1. Can you pull out every residue in segment 292-301 that is touching a residue at least 24 places away in the same chain (Cβ under 8 Å) and either exposed (fewer than 13 other Cβ atoms within 10 Å of the Cβ) or not charged (D, E, K, R) (or both)?
2. What's the number of the only condition in (1) touching a residue at least 24 places away in the same chain (Cβ under 8 Å); (2) not in a loop (DSSP other than H, G, I, E, B) that GLU337 fails to meet?
3. I'm checking my understanding of the structure. Among residues of segment 244-269 that are under 16 Å from ASP229 (Cβ atoms) and either aromatic (Phe, Trp, Tyr) or in contact with a strand residue (DSSP E or B) (Cβ under 6 Å, 6 or more places away or on another chain) (or both), which one is surrounded by the most Cβ atoms within 10 Å (Cβ to Cβ)?
4. For segment 302-323, enumerate the residues that are within 21 Å of GLY282 (Cα to Cα) and buried (at least 24 other Cβ atoms within 10 Å of the Cβ).
5. If I ask for residues that are out of contact with any strand residue (DSSP E or B) (no Cβ under 8 Å at 6 or more places or on another chain), within 24 Å of THR41 (Cβ to Cβ) and assigned to a loop (DSSP other than H, G, I, E, B), which ones from segment 293-315 would you list?
6. Looking at segment 149-173, which of its residues are of a type in the set (Gly, Ala, Ser) and either farther than 26 Å from LEU52 by Cα or outside the structural domain of ARG116 (by TED's automatic domain parsing) (or both)?
7. From the residues in segment 318-351 that are hydrophobic (A, V, I, L, M, F, W, C) and over 25 Å from the mean Cα position of the chain (by Cα), which one is modelled with the lowest pLDDT?
8. Which of the residues spanning segment 32-89 are surrounded by fewer than 19 Cβ atoms within 10 Å (Cβ to Cβ), assigned to a strand (DSSP E or B), away from ligand 1 (no atom under 13 Å from the Cβ) and among the aliphatic types (A, V, I, L, M)?
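The values are calculated or read from the model by the stated rules, or taken from the named source; none is laboratory data. Predicted, not measured: the structure shown is a model, and the values here were computed from it. A quick note on method: Cβ atoms are made from the backbone with ideal geometry, for glycine too, and the neighbour counts reach across all protein chains shown.
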Amino acid sequence: MRALNGGDPLVEVRNVKKYFPIRKGLLQREVARVHAVDDVTFSVREGETLGLVGESGCGKSTLGRTIVRLLEPTAGHVLFQGRDISKLDRGELRPLRREMQIVFQDPYASLNPRKRVGSIIGSPLKIHGIGDKKSRQKRVQELLETVGLSPEHYNRYPHEFSGGQRQRIGVARALALQPKLVVADEPVSALDVSIQSQMLNLLDDLQTEFQLTYLFIAHDLGVVRHVSDRIAVMYLGKLVELSPAEELYQRPIMPYTEALLSAVPIPDPDLSARRERIVLEGDVPSPINPPSGCRFHPRCRYMTDICVQVEPPLVEHGKGHLAACHHPLNVDAETLERATVSRRHTPETADERAKPTDTGGESHPVPER
Ligand SMILES: Nc1ncnc2c1ncn2[C@@H]1O[C@H](COP(=O)(O)OP(=O)(O)O)[C@@H](O)[C@H]1O
Ligand code: SF4
Ligand SMILES: [Mg+2]
């Protein structure tokens, strides 16, 4: 974790949507769409770790893949170092592939079982025509050491390694081209709890050594706490809260975040006993027909009529903390008033509205509590 709060944005996500068509019948006509990512705006600053959290199916991987342009956004823009990359074709994307890499969740599925480790880690170098066979081998052996494996592992196959070691191989492959941005998509979710912290420490060390910027995806708030500078919370395709990390744990504003937080174990037994565990009722609704208004309303214990009718905008509640809720928690009257005033200065034109702020938010209406 670097805590470079003033860093320039490396990635800017502006009003990004990613819908997947559902086709049926002989003619494969589009009958519906999965609203996997639905109008998301935020930025990732150079050198920071931005944690991205939300239940399974809320669109985290889709957003991560859209950012590194493994997927093309349905609408909106992704800027990398100020350059719009949302519409680049394959050839134009090629040099960018070096700058942005993904570490995948499942270390079993993400490595080709028929390839030797040396070939897996070296393949990005080969594809990009970097060095000759000998220099690539040397580089791969260095990478193996960097991620805490041995250069002698070069000729082994993935099945000869444990889950944690395989994930290290995945990390080495991601680092081969010296990227600036690494999207780590649930990099420890498939690992035993006992080795999760080793992997987190490795990622932290690598960030310092190679000045990496991380988008760190996880499905709960426990894992990202100690690695993130800021945390973004997603619910059913929407960004619902974005905050400096510690601030989020001290002062959750959106009820969904409050519920996620209530499930995070805390070491203090007294505090733990006093804390209410909020059980979310019902399943996550379908992203094909998301609920009206606030998408969280069918499961929210603070829900009122307005929540069903009007989508709450993402607004700043002080200290770089944004949340989308009609009845924000842990917000004093003065801060709420400031947020309400800022809505009166809501940009008028679409261009102005799309302009990203440092926090990724826009000024929007905040209805009264
Ligand atoms: N290629 C695809 N085609 C159709 N639907 C998809 C595709 N990829 C993801 N989805 C759907 O988009 C939603 C978001 O998925 P995903 O981004 O994988 O969520 P998460 O990573 O948060 O678990 C889910 O409903 C998922 O089923
Ligand atoms: S807007 Fe309403 S339904 Fe949505 S989180 Fe806030 S209180 Fe709950
Ligand atoms: Mg995922």
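1. CYS294, PHE296, CYS300, ARG301
2. (1)
3. Looking at residues that are under 16 Å from ASP229 (Cβ atoms) and either aromatic (Phe, Trp, Tyr) or in contact with a strand residue (DSSP E or B) (Cβ under 6 Å, 6 or more places away or on another chain) (or both), I get LEU248.
4. If the condition is that a residue be within 21 Å of GLY282 (Cα to Cα) and buried (at least 24 other Cβ atoms within 10 Å of the Cβ), then CYS307 is the only one that fits.
5. Passing the criteria: GLY293, CYS294, CYS300, VAL310, GLU311, PRO312, PRO313.
6. Answer for segment 149-173, where residues must be of a type in the set (Gly, Ala, Ser) and either farther than 26 Å from LEU52 by Cα or outside the structural domain of ARG116 (by TED's automatic domain parsing) (or both): SER150, SER162.
7. So, considering only residues that are hydrophobic (A, V, I, L, M, F, W, C) and over 25 Å from the mean Cα position of the chain (by Cα), the one modelled with the lowest pLDDT is ALA350.
8. Listed by number, the residues that qualify are ALA75, LEU79.
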